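Where a number appears in this text, it was derived from the coordinates with a stated rule and is not lab data. Keep in mind that what you see is a predicted model, and the values were worked out from it rather than measured. Cβ sites come from the backbone with ideal geometry, for glycine too, and all protein chains shown count toward neighbours.
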Amino acid sequence: MFEKQNIQETISKLNSDTVKGLTEGEAFRRLQQNGRNEMKAARKKTKIQLFLEQLKDPLIYILLIAAVVSIVVKEWMFWYTRGAAKKINSGALMADAWHHRSDALSSIGAFVGILGARLGYSILDPIASIVICVMIAKASIDIFRDAIDKMVDHSCDAKTEESMKREILKVPGVRRVDLLKTRLFGSKMYVDIEIAADGNISLFDAHDIAENVHHTIENKFKDVKHCMVHVNPIYG
C-alpha cells in the first residue's frame, strides 16, 4: 500500500515537472530514469517503514530474548558437561554435552530466522539451518568414531604412548623400551611393556625394576587399568 502510494506520487510529480530545451524522446527518457530512481527509493523506504512497524510488536522482543536466554543456558550446560566428560573420560557424557550444544545451535538458528524474517530476509532461516546441520553432523561423526575405537580395542594416540616411553626410561635400571602396546577398553587403557635391563643383575633386582615401571605407569596415567611388564636381559 505504502509502495503504490509512493509510486503514484512520483509519477504525478514527474508529469507536473516542466522539461525545457529537450526533445520529446529525451524528455521521456529522463522522466523514465527519474521515475525508476524514485521507485527504488520508495521501495527502500517501504522496507525501513515495515521494519520499524515490526519493532512496535512486543512479541518480537519476547521471541528474541527467549532465543538468547536459551543460547546462553545451553552453551553453559555444554561446557559444564564437557568438562565432566573429560574428567571421567566418558564418551556417553560427551555425547550428552554435544546434545546441549546442538540445542544452543538450534536456538541460534531460531534467532537468525526470526530476525531475518522481520528484516525481510527470510532466506537467512534455511541458510542458518543448513550450517547448523553440518556442525551437528560433524560432532556426531567424531563421537561415533571415538566410541567405535573404544569398542574394537584401538590403541592409544601416539602422544600418550610417547609420554609413557619417556616415563619408563626415567626408571632406574631401564636401558631401553623394547615393546609398548596399548589398547582402549571403554574409558580405560591396558598396557603391555617389554623393557631391557642389565643381564648380570639378580632376579630380585630385575623384579624391582619391573615393579617400579608398573607403578610409574599406573600412577602417572590414571586411565591405565592394568600394566604388564616383561624384562629382557641385555649384556654389555
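The slack in the chain from GLU211 to ARG145, taken as 0.36 nm per residue of separation less the alpha-carbon distance, amounts to 20.3 nm. The separation of region 173-222 from region 108-170, counted between C-alpha centres, amounts to 36 Å. Three semi-axes describe the equivalent ellipsoid of region 70-205; taken as square roots of 5 times the Cα gyration tensor eigenvalues and ordered largest first, they are 50, 13, 12 Å. Compared with the alpha-carbon gap, the fully stretched path from VAL69 to LYS181 is longer by 35.5 nm at 0.36 nm per residue.
Excluding ASN232 itself, calculate the net charge of residues whose Cβ lies under 15 Å from the Cβ of ASN232, where each Lys or Arg counts +1 and each Asp or Glu counts -1. Write out the running numbers ahead of the final one.
Values: positive: ARG175, ARG176, LYS181; negative: ASP178, ASP192, GLU194, ASP198, ASP205.
Every neighbour counted, the sum reads -2.
Measuring between alpha carbons in the structure, the pairs from LYS87/LYS225; LYS87/LYS165; LYS86/LYS170; LYS159/LYS220; LYS181/LYS225; LYS138/LYS188 lying more than 18 angstrom apart are LYS87/LYS165; LYS86/LYS170; LYS138/LYS188.
Eigen-decomposition of the gyration tensor built on the alpha-carbon atoms of region 134-209 gives equivalent ellipsoid semi-axes of 37, 12, 8 angstrom, largest listed first.
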